[in-house]
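*Asks:* Take this structure, written in structure tokens, and hold onto it; I'll ask about it next.
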Amino acid sequence: MIKINLFKNANLLAFISCFAISIYCYWGWLYDGTLNIDGEFTNNFYQTITLGRWFHTFLRHYFLPEPFSLYITPLIALSFIIISAFIICRSLKLESYELLIGMLVFITFPQISYQLEFLNQADTVGIAFLLAAISAIIFHSQKNRIVIFSGIVLSILSMAIYQTFVTYIIAFVIGLQINSIIRNEKNIRESFYSSCLSLSLIALSTLIYLLLTKAIKHYFSLESNEYISNYIQNASDIKWLVKSAIDNIYNFYNNPPTGLNLYKWLLIPLLILMFTLTYKLKTRSIYLISSIIFIYILPVIFIVVVGSGAPPRLFVLMPIVAVILFSCLSNFRSIKYLNCMFFLFIIFNGVSTSKNLFLNDTLARQKDISLAKEISYTSQTKGISLNGKYIYIYGSNDSGNMLSMSADTFGKSFFWWDGGNYFRMVAFMNYYGICNCKPANKEQIEKIYPIVKSLPSWPNPDSIAEINGLVIIKLSEKKGWLPFNI
């Protein structure tokens with residue numbers, strides 16, 4: 001079993017330094033308390049169970065605040081991710097300054113920002129990072145049946161927070177095996193047998209998770225709606241699937257989500273590692289190169305399966321792929337410093353990108369608040385009070401958008417997301433205390449729908465009207481299908 005001592009001086013110094021730099025990187029997110037899209041709803045109990053995130057639901061229901069607590073939730077999330085980074089890097093035998101660099105590569109990789117973006121799940125996802133890392137270490141060590149059983153339990157719980165952690169566990173297990181061979185701790189035969197056993201345990205964990213999820217949904221009388229299955233492409237036309245796969249991969253590398261272009265840069269250490277392995281290890285290099293390529297293309301395989309339109313928060317394994325590449329190259333003295341210099345570039349780029357993402361989210365929310373206050377003020381000048389009323393907001397307004405679609409919900413307006421989802425808008429206005437109102441139901445909307453179509457759009461004061469106690473606000477003619485396809 002891998003022994004990890006946090007209180008060794010060098011380890012403690014690296015941990016504290018990483019924590020301090022992480023606070024700097026994510027200070028805006030920690031301090032501003034900006035409401036994220038999806039964070040406006042206060043009760044997500046049944047929704048998260050429906051999505052297969054029943055351990056997230058359990059943690060929220062019994063231990064953690066729902067939907068989140070300002071300052072406390074971000075601090076919990078960041079703490080667990082930093083602990084995970086420390087355990088991962090020490091398991092990969094990184095020490096001294098390389099330990100600090102490895103931890104920072106993990107914690108500042110922009111994909112982490114896409115996890116922290118959602119305050120209503122950031123802390124549980126942080127816990128999942130830790131559970132998944134420990135389970136992978138257990139599967140790698142294969143100490144005894146009791147320990148292996150605990151690894152299965154931990155991996156199931158991590159998937160029950162976020163299903164894509166199964167890819168994270170796979171990547172880490174294979175990365176540990178590669179590192180063991182490079183360091184002459186295992187031969188290829190031992191590693192191959194160990195990898196097969198580990199992957200079998202991961203497959204077993206996934207199967208048990210799926211069965212438990214089905215049973216829990218049945219207990220609560222909920223329909224099956226796994227989060228990942230919503231993105232998986234389904235078609236019987238093989239030609240279409242092949243073309244779609246090629247298009248998805250091209251789109252990802254040509255126009256990746258904001259910040260994840262760093263994953264393309266990892267091709268450089270990947271190629272250097274392949275060349276070094278071929279030169280240094282000769283015959284053993286084929287197995288190692290195949291394994292490291294598999295780890296690197298895991299996100300690409302995922303893109304083929306789910307499509308390039310999948311949100312960047314699904315790719316939880318990217319930070320650990322970066323750390324595995326860094327740790328493998330750290331085993332070769334001749335390129336140690338070149339390796340560190342390159343990954344310092346990754347860290348600086350990651351910090352800059354993450355700060356920019358959260359800054360634009362804050363700016364977008366400030367614009368949303370300003371728009372909501374203008375609507376409230378205009379309604380008051382017309383003698384219409386929003387408090388205690390049912391409200392229907394028609395259409396969308398993109399004036400608050402700060403970033404392109406490739407940044408997921410970062411920098412996006414509540415008054416634009418989903419093409420104009422008035423449930424979100426009303427919840428947003430209530431959250432910031434702009435009014436205390438209720439969203440109209442489908443029957444109410446159907447009665448006044450012809451009148452809505454005839455109203456002018458915002459900012460015309462006549463875009464706000466009240467009919468039989470129902471307040472109508474028309475933002476524009478642009479309207480999505482949510483929440484009611486009327």
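The values are calculated or read from the model by the stated rules, or taken from the named source; none is laboratory data. Here the structure is a predicted model, which is why all the values come from computation and not from measurement. Every residue, glycine among them, receives a Cβ derived from its backbone with ideal geometry; neighbour counts consider all protein chains shown.
*Asks:* One residue is enough: does the range 394-412 have a residue meeting the conditions closer than 19 Å to Pro459 by Cβ, modelled with pLDDT of 90 or more and part of a helix (DSSP H, G or I)?
*Replies:* No, the range 394-412 has no match at all.
*Asks:* Going by the conditions given, is Thr48 among the β-branched types (Val, Ile, Thr), over 17 Å from Thr124 (Cα atoms) and in contact (Cβ under 8 Å) with a residue 12 or more places away in the chain?
*Replies:* Spelling it out, it is not the case that Thr48 is among the β-branched types (Val, Ile, Thr), over 17 Å from Thr124 (Cα atoms) and in contact (Cβ under 8 Å) with a residue 12 or more places away in the chain.
*Asks:* For Phe302, indicate whether it is aromatic (Phe, Trp, Tyr), assigned to a helix (DSSP H, G or I) and more than 16 Å from Tyr253 (Cβ to Cβ).
*Replies:* So Phe302 does not fit the description; no.
*Asks:* What are the residues in the range 470-484 that are of a type in the set (A, V, I, L, M, F, W, C) and at pLDDT below 90, if any?
*Replies:* Trp481, Leu482, Phe484
*Asks:* Now for a different question. May I ask you to verify whether Ala310 is hydrophobic (A, V, I, L, M, F, W, C) and outside any helix (DSSP H, G or I)?
*Replies:* So Ala310 passes the test.
*Asks:* Turning to a different aspect of this structure: Mind telling me which of the residues Ile182, Ile170 ends up being closer than 17 Å to Cys328 by Cβ and either loosely packed, with under 15 Cβ neighbours inside 10 Å or at pLDDT below 95 (or both)?
*Replies:* When all the criteria are applied, what remains is Ile182.
*Asks:* Part of a helix (DSSP H, G or I), over 23 Å from the mean Cα position of the chain (by Cα) and of a type outside the set (Ser, Thr, Tyr): is that true of Asn184 in this structure?
*Replies:* Judged against the criteria, Asn184 is not a match.
*Asks:* If you don't mind, there's one more thing I want to ask. State yes or no: is Ser454 more than 30 Å from Glu117 (Cβ to Cβ) and of a type in the set (Ser, Thr, Tyr)?
*Replies:* Yes; evaluated as a whole, the condition is true for this residue.
*Asks:* Being in contact (Cβ under 8 Å) with a residue 40 or more places away in the chain, within 30 Å of Val242 (Cβ to Cβ) and surrounded by 23 or more Cβ atoms within 10 Å (Cβ to Cβ) is true for just one of Leu273, Leu298. Which residue is that?
*Replies:* Leu273
*Asks:* Of the residues in the range 244-266, how many are surrounded by 17 or more Cβ atoms within 10 Å (Cβ to Cβ) and in a helix (DSSP H, G or I)?
*Replies:* Residues flagged as surrounded by 17 or more Cβ atoms within 10 Å (Cβ to Cβ) and in a helix (DSSP H, G or I) within the range 244-266 amount to 5.
*Asks:* If you take the residues of the range 413-460 that are touching an Asp or Glu at 6+ places or on another chain (Cβ under 7 Å) and in a helix (DSSP H, G or I), which of them is farthest from Asn356 (Cα to Cα)?
*Replies:* My answer is Ala427.
*Asks:* Just a yes or no: is a residue in the range 411-418 over 12 Å from Asp368 (Cβ atoms) and not hydrophobic (A, V, I, L, M, F, W, C)?
*Replies:* Among the residues of the range 411-418, at least one is over 12 Å from Asp368 (Cβ atoms) and not hydrophobic (A, V, I, L, M, F, W, C), which makes the answer yes.
*Asks:* Tyr193 versus (1) outside any helix (DSSP H, G or I); (2) without any contact (Cβ under 8 Å) to a residue 24 or more places away in the chain: which is the lone unmet condition?
*Replies:* Here Tyr193 clears every test but (1).
*Asks:* Quick one: Val316 ticks every box in (1) outside any helix (DSSP H, G or I); (2) in contact (Cβ under 8 Å) with a residue 24 or more places away in the chain; (3) surrounded by fewer than 17 Cβ atoms within 10 Å (Cβ to Cβ) bar one, so which box is it?
*Replies:* Every condition holds for Val316 apart from (3).
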